[in-house]
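The values are calculated or read from the model by the stated rules, or taken from the named source; none is laboratory data. Worth saying up front: this structure is predicted, and the values here are computed from it rather than measured. Here the Cβ is made from the backbone with ideal geometry for all residues, glycine too, and neighbour counts use every protein chain on show. The protein model used for the area step is the full one, side chains on, heavy atoms only, and it has no ligands, DNA or RNA in it. Shrake-Rupley method; radii C 1.70, N 1.55, O 1.52, S 1.80 Å.
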Amino acid sequence: MGRLPEWITNKKRVLVDSFIELKGGKAPLKFNKHGSAKRYILRIHPDGYIQVTLPPRGNRKDALVFVEKNKIWLENQWKTREQKLQERQKADRERPSIHYRGKLEPVSVISADGKTHVSFADRCLPIDLRRMNLKQWLEHWLRYQASAELPDRVGFFARQHGFQFNHITIRDQRTRWGSCSSNRTISLNWRLIQIPPEHCDYIILHELNHLEHMNHSIHFWKSLEALCPLFRKSEAWLKVNGKYLRD
């Protein structure tokens, strides 16, 4: 017996039996014999293939004849399914979302019992849309979260590696992720809360390392490699994903 053809749909890999040509392209067929079926039955399966149910004494040849007889009905059903899928994909594209910890998280606004909440990732937070719009609120919350989390992360690495700094600021910068001044102040971009945690940690270690090496000399990079052995991976990621600074 030959290997069954595969059909990838809805991000799932499905083994199908054959295909049928419909207007607009081919559609996969999957045959299934059911003990209680009284006749041949067609349906569009949620996983994106045409399921053909056979009665106990049914056979593949007669099932294919049944499919061909109902081809116009199938084409209409398949077309309706494709249209709904496109509408759902369009709605997903237009749905608000934010970058948070390296993932693009869909955002939902939920109103119930006179209260409104915004939901994304593992968060469900109260929101008052009379004071600011959703975009403004999300940016405000991300800045607040960065101010709450990033200083603690700097402190953790400073204690771990024996660095001494004077002050930490969380800023809104469009061209850099962070900086270290001559007066030992570490400045970090609030958008670090939006990128993957491992790359955020790299930025923090990079700036802490400037407390010992104020330039990008060979000694700086050797010291940084000891602090963060995979720093080149983060450098490459940040170079490609600088869009986070403008998003």
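Annotations
- Look at where the Cα atoms of segment 133-165 and of segment 173-247 average out, and the two centres are 14 Å apart.
- Gyration tensor (alpha-carbon) shape descriptor, segment 150-207, a/c threshold 1.5: oblate
- Taking the longest Cα principal axis of the chain as reference, the axis of helix 197-209 is set at about 20 degrees.
- In a DSSP loop and with at most 15 other Cβ atoms within 10 Å, the trypsin sites (Lys or Arg not before Pro) in segment 154-226 are R174, R176, R184.
- For segment 156-173, 3J(HN,Hα) per residue [Karplus equation, 6.51 cos²θ - 1.76 cosθ + 1.60, θ = phi - 60°, Hz, x = Gly/Pro]: 4, 5, 4, 5, 5, 10, x, 8, 10, 10, 9, 7, 10, 10, 10, 10, 10, 10
- Share antiparallel - DSSP beta bridges, the chain, percent rounded to 5: 75 percent
- Label-point separation, K84 to S97 (7 Å along Cα→Cβ), nm: 2.3 nm
- For segment 142-247: rounded, prolate or oblate by the Cα gyration tensor [a/c cutoff 1.5]: oblate
- Computed on the chain, with alpha-carbon pairs under 8 angstrom and 6+ residues apart, the relative contact order is 10 percent.
- Solvent-accessible area of K115 with every protein chain in place, 1.4 Å probe, in Å² to the nearest 10: 130 Å²
- Calculated log₁₀ intensity ratio I(q)/I(0) where the Debye formula runs over C-alpha points of segment 39-115, q = 0.16 Å⁻¹: -0.74
- Point-charge dipole on Cβ atoms (K/R +1, D/E -1) for the chain, about Cα centre, debye to 20: 1220 debye
- Accessible area per residue (1.4 Å probe, heavy atoms of protein chains only) ranks S97, S182, S217 as S182, S97, S217, with the largest value leading.
- Computed extension length for L134-H45: 28.3 nm, one decimal, from 0.36 nm per residue of separation with the Cα-Cα distance subtracted.
- On Cα atoms only, tilt of 231-240 relative to the major axis of the chain in degrees: 70 degrees
- Pairs from the list K26/K61; K84/K135; K23/K69 with a Cα-Cα gap above 23 Å: K84/K135.
- Shape of the chain, Cα gyration tensor, a/c cut at 1.5: prolate
- Backbone HN-Hα couplings from phi across segment 28-37 [Karplus 6.51/-1.76/1.60, Hz, Gly and Pro as x]: x, 10, 9, 9, 9, 8, 10, x, 9, 5
- Using alpha-carbon coordinates, inclination of helix 218-227 to the longest axis of the chain, degrees: 60 degrees
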